[in-house]
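Report on one structure; see the data block that follows.
The values are calculated or read from the model by the stated rules, or taken from the named source; none is laboratory data. Just so you know, these numbers come straight off a predicted model, no measurement behind them. Virtual Cβ from ideal backbone geometry, glycine too; neighbours counted across all protein chains shown.
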Amino acid sequence: MTARAILPIADPATTTRRAWRLLRRHRRPLVGSVLLFALVGLSGVVPPYVLGTIVDLVQDGTGSRGQVLALAAVIVVSALVGGAATAASAALLARAANPALAELREDVLDRALHQDAERLEQAGTGDVMSRVGDDVRAISESLDNAVPEFVRAVVAIVFTMFGLLVLDWRLALAGLAAGPFYLVALRWYLPRSAPYYRRERIAQGERAEALMAGIHGAPTLRALGRHHLALQRIDHHSRAALVQAVDVYALLTRLFGRINLAEWVGLTAVLVTGFLLVRDDAVTVGAATAAALYFHRLFNPIGAVLLIFDQIQAAGASLARLVGVLELPEPRPSSEVVLRQPVLRLTGVAHRYGDGPDVVRDVDLTIAPGEHVAVVGSTGAGKTTLASIVAGQVIPSHGEVTVAGRPYGAIPSVDLRRALALVSQEVHVFATTVRENVAMSRPELSDDDVWAALRVARCAGWVAALPDGLQTRVGHLGHPLSAAQGQQLALARVAAHDPSIVVLDEATAEAGSSGARDLDLAARAVLEGRSALIVAHRLSQARYADRILVMEHGRIVEDGTHDALVARAGRYAQLWSAWSAR
Amino acid sequence: MLRRTIWRQRRRLLLGFPLLIAWQLGEAMTPVVIGMVVDHGVATGDTRAFLLWLLVLAALMAGFSLSYRFGGRLGLRSIQEESHALRSEIAGHVLDPRGADTDELPGEVLSLATADADMTGMVVRQLGFALGSIVAVLAIGGYLLVTDWVVGVLVLVGTPLVVAVTQLLAPMVARRTEAQQETVARASGVASDLMAGLRPLKGIGAEDAATQRYRVASRAAQRASITMAGAWGVLAGVSSGLSVLFLGVVAAVAGVRALDDAITLGQFIAIVGVAQYLAEPILALGELSAQAAASLASGRRISRFLQTPALVEGGALTPAAPPRTLRFDKVTAGPLKDLDLEVRQGELVALVADTPLADDAVIRLLHGTLRPDRGRVLLGPHPLDDLTLASRRDALLVNDHHADLFEGSIHDAIDPRRDLSEEQLSALLAASAGTDVIAAHPEGLDHRIRASGGTLSGGQRQRLTLARALAENRPVLVLHEPTSAVDAVTEQRIAAGLREARRPHATLVLTASPALLDVADVVVVVRNGTVVGRARHRELLRRDPEYAGRVAR
């Protein structure tokens, strides 16, 4: 069903390695929590033992009230210790697990955001959202359940086994008959359930994608009357995830059945051995009874230990999806190169997506510091691809792009981005304050700097009129802004970023014609003193550039000033006459 | 919410709960049957009796194992079905034809539809376990009552008291759980906001600053999670401590009574043996109430969301034939004052306003999200408000400037039901200049569009949404700046194509593009919210200098 290329999922070895590293970083509260859970387990062993002692006292007929009450008081003390340790261990576990998980989801989002926009869009927003949401939740639930259960169970098993051995070694040995059955059950279950968990997680990713598409696109879907189709899609993926969850649970209940079988085998072995030993007067009836009851008391802890493997598998399926993102290439750290007044040069550049046709070919281009170059041409001529290549977002299949004489590949993207900003067609006003929207890339800017950027983008006026000025929340749910205002904020963002080179890819298109003139002026103000490549179909924007390139079918077919190109009566002249026609 | 859940899952639960209770009773009976094996077999040395009781043990274990297998499956199924049903309801609310006036970020809605829906579904499990625990307490209490009435009364009165004490903590736990769920949803909201602004973000290399924003939200969620876990820990500590404490009390009372010979040694052993099993239901009941409180909190969040009002309420009228004209009759709303506008069948009318706010108001009036203070918007002879949403949709399509494209092929986007003939399809692709878009991709019509139209340029997206709007072929079509992202030559082709394609219908275009204005039968000029001119484009250019300035480029 999924044609989407989702982000990678890590292999088990890598996942395990990462899990260890994560656990080790948070080992202190984790070890503390495990020790406290062990204490909980120990305090749980006390009451049965003390009760046995009381029984002995009563049986002897020698016990006094005081002795019985003192022993009951021991139980009370164990209750207090156990209760306090339970509370403390849960708190400590949370202190280990939650920071680790928060770190994990933050690193995953960080690494994802640093990937190609192209790659991320292929994977879909839902893929990333379900990893930092559903998957983190699944791991957190497993940890909350598994760690305490496991530690308490191990303590209980150790003590009970010890008790069994002390009673009689033959009876203890009989109990071991259950061992192979437990193992077979687990070896039957684990390889069968793993793919279910993997598929369930993937289905949850698809479900998140379908939900996000429906939520984002609701107005369009309603207008077209296609909301049913979106609902069907959500329903389809939600049900797909449900089927996996139900199926893997059915498998799990069959594991429980096999565990019950192992329990029955062990218990029967203990009882039969007891029967034979009692008949031969080798042990007392009391010992045989105690052995059977001890063994019965092992049922729950052994089950809990076995289920750990299920939890590890379930959590592992999620963790592999998180680690898969973390294994993506890391952004290179800054080399502290400052690219001031740089010359930008493209030599013999050509590009194709996948194995499609060349969308850009034979492009040689130099942009001098401070020069404004406009690119025009019909849609699909390769303008956006050229802009992405210049902006360093797309690595061309052929040719070289250099800035200040250094090839792009040699410059860490953080340094490149410092010098070179791209404003694309997509406008997004982030759901936060105006200030954060503008100072997005440089949160350290002062309010005065932000105002200065707003003034350059010609939007200081309306921002000042907002209810809380710079602190007004905008974007989704915030103060509503028009498309043109959103685009002005995007321009202000560039002014605040203060790069030497700006690539504008139809950055004033979305506003439509009625707000476009203001935007053109704002864009020109922002570009002042910087080099610029301006992709524009609004020729009013292009005509003020120092140079205009006309692209057709991926090639630059004309190159010159507005007046020169109009005089040449070629493709540009044709576009210009269409544009300026009234 | 809870009642609805139970009602929705009643069939599965009616079968599942008894099975789960049978399983718990079976587990509790196991030591008793072990005792029987010992008493009748091991102690007597009677092989036949021994084998017989072993068989009973096997039957008991097989019985509760199977009970769990099917009871557990039914229980899980109903949890999953419930969570799925809630998810569908949430999606249904978002995608309701009337729209939903919600104040959640998309990521927060996602969180409601996943985390909260799952949490609410868990109520089924809690209920099942609570029933099982209560049955277990009653059974143990009943057994003790028969053995020794003093201890029996102690257990039957004491257990509810102990559980009641743990209840005091439940509201605190629930409050913290709710706070945690909210912070997690907020973090999800921030993540979705950042993902939505991916390209602008990457354009200025603000990835690290963006992550920082997410980190702040994620850390808040982390702190809330730690606080919540602390509260759960206290609850677990108190209920486990109290249950063992209670066991100590029972042991003291029973021990003293045994010493006083009020009960026999056998009775004492039985009491102590059974009383140990009390800890489990007490612990379970203590935690269940807090879990239920957390589930109910999730349920409340969902039901609050489901109760958010509709954006638009439809009327009751379904006209026999779909209306074919659009008219604004002295409409005053927002920036519009006494706006008069008519689009007749066969007409293409352009509207040029002096501010984008006026355009927005017209669009919102047609969507029904803005209601006129005075005057009426009419589809055919009917006020828009009177018509049902479905009949509005049959007659009218408002193609927003920001119309979305969805995952699927280009063909799916334009004609999902494959209603159009090849000629019709190629005609409307030509009219919207979509032919170029298809030619630009080797797979043509089968080219797959990514979510949010990622593979396409702005101009290509705009042309496909226009093709899609034309394919709907509705009597009245309203377009908002349909050519803002295409080049001038293509724009002229679209203008001509649009005029032809809409020849039989009524079309309103909000634009200042001369190419589109030039093909309009009439251009309506709106200034300060009211109509100041109504003529053909060329005539307006001649006689209205302000208009000429507005549309000049």
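Of A:ALA282, A:ALA291, A:ALA262, which residue is surrounded by 22 or more Cβ atoms within 10 Å (Cβ to Cβ) and over 41 Å from the mean Cα position of the chain (by Cα)?
Numbers: A:ALA282 fails: surrounded by 22 or more Cβ atoms within 10 Å (Cβ to Cβ); A:ALA262 fails: over 41 Å from the mean Cα position of the chain (by Cα).
One residue alone meets the criteria, A:ALA291.
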Original post:
Are any of the residues in region B:177-194 closer than 30 Å to A:TYR294 by Cα, more than 9 Å from chain A (Cβ to nearest Cβ) and surrounded by 20 or more Cβ atoms within 10 Å (Cβ to Cβ)?
Top reply: no
**OP:** Count, please, the residues in region A:204-213 that happen to be crowded, with 24+ Cβ neighbours inside 10 Å and either basic (Lys, Arg) or at the interface with chain B (Cβ under 7 Å from one of its Cβ atoms) (or both).
**Re:** 5
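Every residue, every condition in (1) in the same structural domain as A:PHE181 (by TED's automatic domain parsing); (2) free of Cβ contacts under 8 Å to residues at least 24 places away in the same chain; (3) more than 30 Å from B:GLY35 (Cβ to Cβ), yes or no:
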site	(1), (2), (3)
A:THR220	yes, yes, yes
A:LEU224	yes, yes, yes
A:HIS237	yes, no, yes
A:LEU242	yes, yes, yes
A:LEU261	yes, no, no
A:VAL283	yes, no, no
A:THR289	yes, yes, no
**OP:** For B:LEU456, indicate whether it is more than 8 Å from chain A (Cβ to nearest Cβ), assigned to a helix (DSSP H, G or I) and surrounded by 18 or more Cβ atoms within 10 Å (Cβ to Cβ).
**Re:** no
Original post:
Has region B:140-158 got any residue that is among the acidic types (Asp, Glu) and surrounded by fewer than 20 Cβ atoms within 10 Å (Cβ to Cβ)?
Top reply: no
Original post:
How many residues, within region B:315-333, are crowded, with 18+ Cβ neighbours inside 10 Å and either farther than 20 Å from B:LEU508 by Cβ or over 36 Å from the mean Cα position of the chain (by Cα) (or both)?
Top reply: 5
Subject >> Set B:ALA485, B:ALA467: member being of a type in the set (A, V, I, L, M) and closer than 17 Å to A:ARG538 by Cβ >> reply: B:ALA485
**OP:** Taking the residues in region A:55-75 that are within 7 Å of chain B (Cβ to nearest Cβ) and farther than 13 Å from B:VAL249 by Cα as candidates, determine which candidate is modelled with the highest pLDDT.
**Re:** A:ARG65
**OP:** Could you check A:GLY257 against (1) more than 7 Å from chain B (Cβ to nearest Cβ); (2) surrounded by fewer than 17 Cβ atoms within 10 Å (Cβ to Cβ) and say which number it fails?
**Re:** (1)
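Of everything in region A:358-379 that's in a loop (DSSP other than H, G, I, E, B) and crowded, with 24+ Cβ neighbours inside 10 Å, which residue is modelled with the highest pLDDT?
A:GLY377
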Subject >> Total residues in region B:367-387, condition buried (at least 22 other Cβ atoms within 10 Å of the Cβ) and under 22 Å from B:PRO309 (Cα atoms) >> reply: 3
Original post:
Restricting the search to region B:463-479, which residues are under 30 Å from the mean Cα position of the chain (by Cα) and at the interface with chain A (Cβ under 9 Å from one of its Cβ atoms)?
Top reply: B:THR465, B:ARG468, B:ALA469, B:GLU472
**OP:** Being among the β-branched types (Val, Ile, Thr) and under 20 Å from B:LYS202 (Cα atoms) narrows it down to one of A:VAL494, A:VAL463, so name that one.
**Re:** A:VAL494
**OP:** Look at B:ARG493 and say whether it is more than 26 Å from A:VAL375 (Cα to Cα) and either more than 8 Å from chain A (Cβ to nearest Cβ) or surrounded by 24 or more Cβ atoms within 10 Å (Cβ to Cβ) (or both).
**Re:** no
**OP:** Considering (1) without any contact (Cβ under 8 Å) to a residue 60 or more places away in the chain; (2) crowded, with 18+ Cβ neighbours inside 10 Å, say which one A:GLY348 fails and leave the rest.
**Re:** (2)
Subject >> Considering residues of region B:256-314 that are touching a residue at least 60 places away in the same chain (Cβ under 8 Å), within 11 Å of another protein chain (Cβ to nearest Cβ) and β-branched (Val, Ile, Thr) only, the residue surrounded by the most Cβ atoms within 10 Å (Cβ to Cβ) >> reply: B:ILE271
Original post:
List the pairs whose first member sits in region B:80-92 and is facing another protein chain (nearest Cβ under 8 Å), whose second member is among the aromatic types (Phe, Trp, Tyr), and whose Cβ atoms are under 6 Å apart, counting only residues at least 6 apart or on separate chains?
Top reply: none
**OP:** Just give me the residues in region A:271-318 being on the phi < 0 side of the Ramachandran plot and outside any helix (DSSP H, G or I), in sequence order.
**Re:** A:ASP280, A:ALA282, A:VAL283, A:THR284
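Given the criterion in contact with a helix residue (DSSP H, G or I) (Cβ under 8 Å, 6 or more places away or on another chain), modelled with pLDDT of 90 or more and over 30 Å from A:PRO412 (Cα atoms), identify the matching residue among A:VAL147, A:VAL136, A:VAL132.
A:VAL136
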Original post:
What is the residue count in region A:217-230 for residues that are assigned to a helix (DSSP H, G or I) and in contact with a helix residue (DSSP H, G or I) (Cβ under 6 Å, 6 or more places away or on another chain)?
Top reply: 4
**OP:** Have a look at A:ALA516, A:ALA525 and point out the one that is touching a residue at least 12 places away in the same chain (Cβ under 8 Å) and surrounded by 20 or more Cβ atoms within 10 Å (Cβ to Cβ).
**Re:** A:ALA516
**OP:** Of the numbered conditions (1) surrounded by 22 or more Cβ atoms within 10 Å (Cβ to Cβ); (2) polar (S, T, N, Q); (3) more than 8 Å from every other protein chain (Cβ to nearest Cβ), B:SER111 fails exactly one; give the number of that condition.
**Re:** (3)
Original post:
Do we find that B:ALA85 is surrounded by fewer than 22 Cβ atoms within 10 Å (Cβ to Cβ), hydrophobic (A, V, I, L, M, F, W, C) and closer than 30 Å to B:ARG186 by Cβ in this structure?
Top reply: yes
Subject >> Identity of the residue in region B:235-244, facing chain A (nearest Cβ under 7 Å) and crowded, with 22+ Cβ neighbours inside 10 Å, that ends up nearest to A:VAL132 (Cα to Cα) >> reply: B:ALA236
Subject >> Residue check, A:ALA419 among the hydrophobic types (A, V, I, L, M, F, W, C) and free of Cβ contacts under 8 Å to residues at least 12 places away in the same chain >> reply: no
**OP:** Identify all residues within region B:202-211 that are within 7 Å of another protein chain (Cβ to nearest Cβ) and in a helix (DSSP H, G or I); write none if there are none.
**Re:** B:LYS202, B:GLY203, B:GLU207, B:ALA209, B:ALA210, B:THR211
**OP:** Return yes when A:VAL305 is under 19 Å from A:LEU186 (Cβ atoms) and more than 26 Å from the chain's Cα centre (by Cα) and no when it is not.
**Re:** yes
Original post:
Picking from A:ARG538, A:ARG568, which residue would you name as being assigned by TED's automatic domain parsing to the domain that holds A:ARG442 and either of a type in the set (A, V, I, L, M, F, W, C) or buried (at least 19 other Cβ atoms within 10 Å of the Cβ) (or both)?
Top reply: A:ARG538
